[in-house]
1. Among 332-341, 309-318, how do they line up from the highest to the lowest mean number of other beta-carbon atoms within 10 Å?
2. Under a crude label model (7 Å from the Cα following the beta-carbon direction), how far is ALA438 from LEU212 in nanometres?
3. Give the peptides 254-264, 70-80 in descending order of average Cβ contacts within 10 Å, highest first.
4. Going by a ≥ b ≥ c, the root eigenvalues of the Cα gyration tensor, does the stretch 195-419 fall in the rounded group (a/c under 1.5), the prolate group (a/b larger than b/c) or the oblate group?
5. Would you mind getting me the FRET efficiency between ARG183 and THR50? Use the beta-carbon distance for r and R0 = 45 Å, nearest 0.05.
6. Rolling a 1.4 angstrom probe over the protein heavy atoms, how many square angstrom per residue are accessible across the stretch 195-419?
7. Can you compute the charge dipole magnitude of the stretch 5-85 about its Cα centre, using +1 on each Lys and Arg Cβ and -1 on each Asp and Glu Cβ, nothing else charged? Give it in debye, rounded to the nearest 20.
8. Once the other residues with Cβ under 13 Å from the Cβ of GLU61 are scored (Lys, Arg +1; Asp, Glu -1), what is the net sum?
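The values are calculated or read from the model by the stated rules, or taken from the named source; none is laboratory data. What you see is a predicted model; the values in this text were computed from it and never measured. Cβ placement follows ideal geometry from the backbone for every residue including glycine, while neighbour counts extend to all protein chains displayed. Calculation scope for accessible area: heavy atoms of the full protein, side chains included, ligands and nucleic acids excluded. Shrake-Rupley method; radii C 1.70, N 1.55, O 1.52, S 1.80 Å.
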Amino acid sequence: MITPAFELTQDPDFLTIVIKVPYARVSEFDVYFEGEDFKFYAKPYFLRLTLPGRVVEDGREKASYNTDKGTFTIQLPKEIPGQYFEGLDMLTSLLAPKKSRSAKPLVEEIAASAELSEEEEEEFDWEIEQTPYEESAESTLPLQYHYGFGNSRSGVFQRLQDELSDVIDIKDPDQTPAEERRRKRLEAEDAKFEPDHYLADLFEDEAIQHVLKYKPWWVDVHKKMTALQGESHQERDTHTLVTFSEEEREQLRKFTNKSYLLDKRSRHHVYLGLIDILLAYCYEVCVNEGDKNVESSWNIRKLSATLCWLESFGSIHDVLVSFGRRVLCYPLYRHFGLVTRAFSDTVMILQIGKAAVLKCLLDIHKIFMESDPGYILNDLFITDYCIWIQKIKSKKLAALSESLQKTTLTKCHVGFELEELEAAAVLVQEEELILKAAGTVSKQQLPSSEPETSDSEESSSTSSSETEGSDSDERESSSSEDGKINSSQGMLQEERTAPLIDWNGLRQGTNTSTFEVSEEKSKVSLQSPSVPGKLIEELEKQMHTAIRLSEQPEGLATASCLLQEQEESCVSEPDRFSNDTTGKGNFLEVSSKTNPLLLLCSTNEGED
C-alpha cells in the first residue's frame, strides 16, 4: 500500500484533511473516523492517522473530490467546538500507530507514559549532576561506549572505519569514554587556535559585518509572533507562521515513527545536544546568507561537538563554551560576533516553537543527506531528532529557551586569553598610529622648511646676483673705461707722436698741448667724478708700457721726458685750481692722481 501525501488544517469547528490520490479508483474508497482515529482507503492508497484531538460523526461531516488535482478534501466536526488541535504539521507523529495491545510494547509504553507524566510534573533542571568516570578493573572484555541520540548507539564506527575520519574527529569512539573525548577535544581546539587569524578577523571585519546584517526567515517569524502575543492573541495562533514546503512534508512522511524511552540523564543530553546542533546550523545560515554550498555540511558538523566529537554536555554553559571555542578555531570567519549572533538566533528558534526547530532539523537532514559521509550523522542523530521533536511538549522548548537566554558567554569563558590578546593588539596599533603620525608631521615640516631654505637661497642668490650685478656693472664700467682709456691711449700716442715727427717744432707743439690740457682738465673735473685710483694706476702702467714698446730716436726720448714733466705739472694743477674755487666744495674733492681720461678729453676738445 502507498501512503499518500496529506495536509491537515483546522478552524474552530472543523478539522480539514486534504489527501492527494492521483490515479486512484475514485469509485471505490472508504473513510473511517472515530475519536482520535482516522482511516482512508482508495486503491492503491492507504492512510491511517492518530489525531491530536477528538472528532465526531454528527452529520456535519463533508467529503469532496477534485478531479483536476486528484485530491480528496474531508471535513470532520470537532467533538468540542473551539478546541485547538496542536501539532497538525508534525506529520510523522500523526502517522504513528495507536498504542499496541501486546504485552511487551504495553509495558514499554506504560514506562514511557510514566516518564512523560513525571517529566511534565517536575520542574525541569537543565544542570546535570556530574560523576567522575572510574574504570572497572574486574572487566576483562573491552567495553563499548555509547553515543548518538540519547547515547543509544554503540559499535557503529567499528563497521565504518574507512569513513570515520571524514565524519568525526575522534578516533575509535567505541573504545573512548566521554571524559577522554572531552579532554582530547579541548587539546585539539587549543592546538588549532590561531591568534593571527582571530586578530585579522577582529580588525578587518568588513565581510563579517556584512554577513551579520543578514536576516534569516526566523527573524521575521519571531517579530510577527511577538506582535501577535502583544495583541493578546493566544499562543496557539503562532503555529501558522511556520509553514513547510512540499519537499519537507515528503521528508516527514518518509520517517519511520519511533518511541524513545529516555531516562532523565539521557533527556538532558538530548536537549543540550539540540542546542549545540542549532547553534552550528545558525552559524552556517548566517555566514552563507541562507545559501548552501559544499562547505555547509562541514561547517555544521565541525562546529557542533555533539556531531564531531560525540560529546555529551552537562550544562547549557558548557554547550556555549564549546561552540564559541570551535567558532574561533575552525571556520573561515572566526569572530566572536558570530558566536553571539548564533546564540540569539537559537533563542529565537526555540521561542517560536517546535515547528521552527523541526524546520531547521529537516534542513540539516537534507544537507547531510547530500553529503557523502554526512549521512552517517543523520542515522546517529538528525533523523531521531526530527521524529522526537514532534512529540515533545512546547512548554519544554519554552523553558529551554528561557534557560538559554539567561546563560551568558563572554570572551574570558572561551579560554584563549582573548581579552589580553586584543589589548596587546590595540597597544601595537596605537604605537603604529603614533609612529605614523610622527612621520606625517616630519613630512609636513620638511616642505615647510624647504621654502625657508629656498627663501634663504633666493635671498643669497639675490644678494649674490646683486653683487654679481654690481660687479658686472663695475666690470662693464671698467671695461667701458678701459675701452675709453685704450682709445685715449691710441689717440694720445698719435697726438704725442705727431709733433715728434716734425723735429723742428717739437717743443713748441708739446708745450702748447700741455697748457691746453691742464686748463681743460680743470674745467672737466668740475663736471665729472674722478676715476677710481686702481684704474688710473693701471692706465699709467699701460701708458708707460705703450710708450716703451715703440723704438724711439733721440728726439723721441726727449719727448718722453717732456711728457713726464707735463704729468708732474698736472699733479700740481688741481691744487692750484682748488684754491681758486673755494666756493664750490662739492667739486673740490678730486683725486690726487692724474686723470688721463680727462687729459685726453680736454686735449681732444682743444684740438677740435
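1. 309-318, 332-341
2. 3.3 nm
3. Working: 254-264: 13.9, 70-80: 17.6.
Most protected by this proxy first, the peptides run 70-80, 254-264.
4. Numbers: a/c = 1.45, a/b = 1.29, b/c = 1.12.
Here the stretch 195-419 falls in the rounded category.
5. On the way: r = 45 Å, r/R0 = 1.01.
The formula returns an efficiency of 0.50 here.
6. On a per-residue basis, 39 Å².
7. On the way: 10 positive and 13 negative charges, 69 e Å.
Here the stretch 5-85 has a charge dipole of around 340 debye.
8. Around GLU61, the charge tally is -2.
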